[in-house]
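Reviewing the structure listed below.
Readers should treat all values here as calculations from the given coordinates under stated rules, not as data from a laboratory. Please read all numbers here as calculations on a predicted model, not as lab measurements. Because the Cβ atoms are built from the backbone with ideal geometry, glycine has one as well, and the counts that use them run over all protein chains shown.
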Amino acid sequence: AEVHGTGPQPANGLTMDQGASPLPAVLTGTPDLSAGLDLSEPMGRYLRLAIDGTRLVEVDLASQVQDPEALKAVPLDQLVAAINGAAGLDSPVASHDGRFLTLTSPTSGPEGRIELLPPAAQDATQRLLGAVPRVATGSPPRAAQLVGSRDLSAGVNLRSGSSLWLRIDGPEPGDADG
């Protein structure tokens, strides 16, 4: 968006918020898992989550591990593969940046939701994600705003400068003549 005022200082006294698209629910864990996660006995190995309020998923985080010795340090890639495989969705729910696990709802907006629930046994949620909120909800879209900081409660004389040119979602600015 472009804002041009008619006075000596374009957009004098105005602030602009460009708005935002709706966002999905996102939970990013706090434990550094770059060295993997210990899923050996007696450590827990299950994660249960509800996705968008429609899908309940119980994940065996060790489902991708072939060698029992490898349970002592299951890599992030295998943890992500186990979660995404159990979720069975077209878009991935789990991802990582090399250190931290992130769970993202496939739905953007307030309908997007990730909820961490206690699994039936051997809970690995705390070690996997740390002290994160148990529920994350997506954000609705936010409209763009143009806000003036001048006090107009006493009125304003627009005889010498009554035009404000705005470009809103288009190629040409329009005249918003006061």
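Observations on the model:
- Alpha-carbon centroid distance for the pair the stretch 101-127 / the stretch 141-155, whole angstrom: 39
- Applied to the stretch 100-111, the Karplus parametrisation 6.51 cos²θ - 1.76 cosθ + 1.60 on θ = phi - 60° returns per-residue 3J(HN,Hα) values of 10, 7, 10, 10, 10, 5, x, 9, 8, x, x, 6 Hz, with x for Gly and Pro.
- Computed from the C-beta positions of Ala143 and Ser63 and an R0 of 45 Å, the FRET efficiency is 0.55 to the nearest 0.05.
- Amide hydrogen neighbours beyond the local backbone of Arg48, cut-off 5 Å, H modeled: Val59, Leu117
- Charged side chains reduced to their Cβ positions (Lys and Arg at +1, Asp and Glu at -1) give the stretch 30-143 a dipole of some 380 debye around its Cα centre.
- Summarising the amide proton neighbourhood of Asp38: residues at separation of 5 or more, or on other chains, whose placed amide H is nearer than 5 Å comprise Val74.
- With the biggest extent put first, the Cα atoms of the stretch 41-135 measure 42, 23, 22 Å across the principal axes.
- Residues in the stretch 145-161 carry Karplus couplings, in order, of 9, 10, 10, x, 9, 7, 7, 10, 5, 8, x, 8, 8, 9, 4, 9, x Hz; the curve used is 6.51 cos²θ - 1.76 cosθ + 1.60 with θ = phi - 60°, and Gly or Pro positions show x.
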